[in-house]
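Values quoted throughout were computed directly from the atomic coordinates according to the rules given, and no laboratory measurement underlies them. Since this is a predicted model, take the numbers as computed values, not measurements. Neighbour counts run over all protein chains shown; Cβ positions are idealised from the backbone, glycine included.
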Amino acid sequence: MLKKVDSSQLKVGMFIHDLDCGWMEHPFMRNRFLLSSEDEIRKIAAARIRGVVIDCGRGLDVDGAPGVAQAAQRTEAEVVALAAAPAPGARPQPDPSADLRPQRPLPAPLGAELQRAAALRRQATELVRSVMQDARLGRVVETGEVAPVVRGITESILRNSGAMLSLLHIKNKDDYTFQHSVSVCTLMVAFCRARGMDEELTQQAGIGGLLHDIGKALVPDAILNKPGRLLDAEFEIVKRHPRDGYELLRRAPDIGPVPLDITLHHHERRDGSGYPERQAGEGISELAQMAAIVDVYDAITSDRCYHKGVAPAEALRKLHEWSKHHFDPKLVQEFMRCVGIYPVGTLVLLESGRLGVVVEAHPSSLLTPKVNVFFHTRQQAYIRPATVDLSKGLDRIVRHEAHDAWNVDPQRFMVLAED
């Protein structure tokens, strides 16, 4: 039986099934192993790993510890309770008349915006590739094209946020570093907008998101793309990338303090377990804390050469668990409200037995998004696609589902044919 325990409960003789640390490298060469010494337990504690899954069939038990399913149910209940609670008073949105540009983008249908969003994403990915190549060759980083690209992403989000957000999970493993940077930029812009931050601060946060991993240009490809757990010495090289990136950007013209702060501090954690400066609590700026949440969310939802990404809805539940130690719980809750408990693009099972893909979050009810249904699980057959507005109470989400489990591509049903 698999049980979820606190790392303080570990004893020699227990079998580790999963070190639930998600975004950070743990100090072991394997994920599953028998604890054979107190030194191994001290390593887990030193890495600030909290929740651990043990296999009681292969090692010692912990009386009274919840099973993995029970622990997951608790987390789900907490998340659902947060989703059902009234949203706190929203921050006022920026006054459109204060915008330097004469017009703000008009709302656009999802189908039309998807095409523009996909083009913007390709453009941004190539820009990050070019900037990192310059950094690798020792050139001064040219950032002149960065601001216009971030502005384009911002305008796309203003027209229809679901379009850019639905593309976050489409990544090529070979281009992960570049596409991850674009995703972090997109999520930072959306997060800032959801929190009512002003136009200029949102723009600077987006620039920080796009450039936050530029220091990885100095990490050897053999380490960056290693298909397995990093050695301690290799991980120390990777951990240099925030400071390397900061130094690279500091020499670039017209880089403001916000992108520099995000680049240097997006791996800091509130309990002091992060790097490179082991900042803690309120010592980490609000935008750097936001960037840390966004960075982890995109990283753990992405397929890499050494791990399979989790579903976006599952990633939010992990963030909720980790917010007890590593992140500001209020910021995590605001991020969950920004992207939705079931983010756009999530495959969900409805009470009626239908499968659908989330296409639009409800502005005030996180549990009742709009869903495009296309498959009936009881009939084991595709059905005529249709949009279901769950806020009308005609159906409800039972749970999110893995794409692979049903061998379907929800992206095909993001947009339905219009009459």
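Every pair of different Cα atoms in segment 199-287 enters the Kirkwood calculation, which places the hydrodynamic radius at 13.8 Å.
Helix-only mean residue ellipticity at 222 nm, the chain, DSSP H runs n ≥ 4 weighted -39,500 (n - 2.57), per residue, nearest 500. What is it? Show your work: numbers first, answer last.
Numbers: 14 runs with 177 residues, N = 419.
Taken over the chain, the calculation gives -13500 deg cm²/dmol.
Expressed in Å, the radius of gyration and Dmax of the Cα atoms of the chain are 21.7, 67. For R304, the residues whose amide H sits under 5 Å from its own are G309, ignoring neighbours fewer than 5 places away on the same chain, with H placed 1.01 Å from N.
Amide H contacts of H325: none lie under 5 Å away among residues 5 or more positions distant or on a separate chain (H built 1.01 Å from N in the peptide plane; Pro and chain starts excluded). In this calculation the C-beta distance from D303 to F33 is compared with R0 = 35 Å, giving a FRET efficiency of 0.90.
Taking the Cβ-Cβ separation of R412 and L106 as r and a Förster radius of 22 Å, what is the calculated FRET efficiency to the nearest 0.05?
Working: r = 27 Å, r/R0 = 1.24.
About 0.20, to the nearest 0.05.
Among residues other than H169 with Cβ under 11 Å from its Cβ, the summed charge is -1 (Lys and Arg +1, Asp and Glu -1). Applying the Karplus relation 6.51 cos²θ - 1.76 cosθ + 1.60 with θ = phi - 60° to segment 217-229 yields 3J(HN,Hα) values of 4, 9, 8, x, 4, 4, 8, 4, 10, 5, x, x, 5 Hz, where x marks Gly and Pro.
Any idea what the relative contact order of segment 2-66 is, in percent, if you count C-alpha pairs under 8 Å spaced at least 6 apart?
On the way: 115 pairs, mean separation 35.0, N = 65.
Answer for segment 2-66 is 54 percent.
Put simply, the amide H of S285, placed in the peptide plane, has no neighbours under 5 Å, leaving out anything fewer than 5 places away on its chain.
For segment 261-396, the mean projected area of the C-alpha convex hull, equal to one quarter of the hull surface, is 9.9 nm².
Between R48, R399, R121, the residue with the greatest mean-square fluctuation in the GNM of the chain (Cα pairs under 10 Å linked by springs) is R399.
Converting phi to 3J(HN,Hα) with the Karplus coefficients 6.51, -1.76 and 1.60 and the offset θ = phi - 60°, segment 364-371 yields 10, 10, 5, 8, 10, x, 8, 10 Hz in sequence order, with x at every glycine or proline.
All other residues with a Cβ under 14 Å from the Cβ of D61 taken together, and with Lys, Arg as +1 and Asp, Glu as -1, what is their net charge?
Numbers: positive: K3, K4, K11, R58; negative: D55, D63.
For residues surrounding D61, the net value is +2.
When Lys and Arg each count +1 and Asp and Glu each count -1, what net charge do the other residues less than 12 Å away from T368, Cβ to Cβ, add up to?
In short, 0.
Across segment 33-44, computed HN-Hα scalar couplings (Karplus, 6.51 cos²θ - 1.76 cosθ + 1.60, θ = phi - 60°) run 6, 8, 5, 10, 7, 5, 4, 5, 5, 5, 5, 4 Hz from first to last residue, x flagging Gly and Pro.
Take the Cα pairs of segment 2-66, get the Kirkwood Rh, then feed it into Stokes-Einstein at 25 °C and 0.890 mPa s and tell me D in µm²/s. Let's see the in-between values first.
Working: Rh = 11.6 Å.
It comes out at roughly 212 µm²/s.
Here r is the Cβ-Cβ distance between R139 and A118 and R0 is 25 Å; the resulting FRET efficiency, rounded to 0.05, is 0.25. Model label sites at R229 and R243, defined 7 Å from Cα along the beta-carbon direction, differ in position by 2.6 nm.
What do you get for Rg/Rh over segment 96-339 if you use C-alpha atoms and the Kirkwood form of Rh? Rg/Rh for segment 96-339 comes to 0.94. Panel order for L106, L120, by other beta carbons found within 10 Å of each beta carbon, from fewest to most: L106, L120.
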